[in-house]
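Chemist: The structure's right below; bear with me while I get my questions together.
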Amino acid sequence: MDAKLARIVQFFASYPIHRHKREPWQVLIATLLSHRTKDEVTHVAADRLFKRFSSIDELATADVTEIAELIKPVGFYRVKAVKIKAIAEILKNKYNGEVPCDIDELLKLPGVGRKTANCVIAFGFEQPSLPVDTHVHRISNRLGIVHTSRPEETETQLKCLIPKEYWIKLNPAMVHFGKSICRPIRPLCETCKLRDVCDYGQQNI
Ligand code: SF4
């Protein structure tokens, strides 16, 4: 790593983040619920669902209408209820009720994209993985550590640039930083601690 990247990585590695520990299947379902939904709404809906159904096997036999009622009002809750039921059935029948710790297998599940699959590996199995969402993609490009147009490219480049031991920490730290400081609109560059190493911050003095 060059000095600029090392500084940025250290900043996010020491970022104070407290994550709620969940089982891999719960991370998978909660991440699906989080699409187009605020965090507060996602957490409440996920807790309600996991209180009623405590395993993949139980979810696989659940009624779709009941799942929808439990996860309401997350965005697209009816569509997500159908996907959750389908995923639970596949995991029960093809994977013995377990979530595979393999990104290619996870990507075969309905509605599971790279970000969700990486979240399961990172936060469910606590294995090195780097979920790239809109915050990670935007901040990485603003800082100038990548120059990419799609999150998938950002993921590939970040994985080449940053040592594995830092991967898990990067997403939650950047998400928090992206909501509070490096916001999509009107980022708080004047008070940002990374401004001296940020391409965007330097160009917009
Ligand atoms: S200087 Fe501005 S653009 Fe750069 S990381 Fe900080 S808030 Fe984001």
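The values are calculated or read from the model by the stated rules, or taken from the named source; none is laboratory data. Note that this is a predicted model, so its numbers are computed, not measured. Ideal geometry is used to build each Cβ from the backbone, glycine not excepted, and the neighbour counts take in all protein chains shown.
Rundown of residues vs (1) out of contact with any Pro (no Cβ under 9 Å at 6 or more places or on another chain); (2) over 18 Å from Ile17 (Cα atoms), yes/no style:
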site: Glu153; (1), (2): yes, yes
site: Gln157; (1), (2): yes, yes
site: Lys164; (1), (2): no, yes
site: Asn171; (1), (2): no, no
site: Thr191; (1), (2): yes, yes
site: Val197; (1), (2): yes, yes
site: Ile205; (1), (2): yes, yes
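Chemist: Also, I was wondering about something else. Just give me the residues in segment 38-61 being within 15 Å of Tyr77 (Cα to Cα) and buried (at least 18 other Cβ atoms within 10 Å of the Cβ), in sequence order.
Modeler: Answer for segment 38-61, where residues must be within 15 Å of Tyr77 (Cα to Cα) and buried (at least 18 other Cβ atoms within 10 Å of the Cβ): Thr42, Ala45, Ala46, Leu49.
Chemist: Being free of Cβ contacts under 8 Å to residues at least 40 places away in the same chain and in a loop (DSSP other than H, G, I, E, B): is that true of Ala62 here?
Modeler: Yes: the conditions hold for Ala62.
Chemist: Quick one: which residue in Ile205, Ile185 is within 13 Å of the ligand (Cβ to nearest atom), modelled with pLDDT under 95 and out of contact with any helix residue (DSSP H, G or I) (no Cβ under 6 Å at 6 or more places or on another chain)?
Modeler: Only one candidate qualifies: Ile205.
Every residue, every condition in (1) under 25 Å from Ala117 (Cβ atoms); (2) over 19 Å from the mean Cα position of the chain (by Cα); (3) more than 10 Å from the ligand (Cβ to nearest atom); (4) at pLDDT 95 or above, yes or no:
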position	(1), (2), (3), (4)
Arg138	yes, no, no, yes
Ile145	yes, yes, yes, yes
Glu155	yes, no, yes, yes
Ile162	yes, no, yes, yes
Ala173	yes, no, yes, yes
Val197	no, yes, no, yes
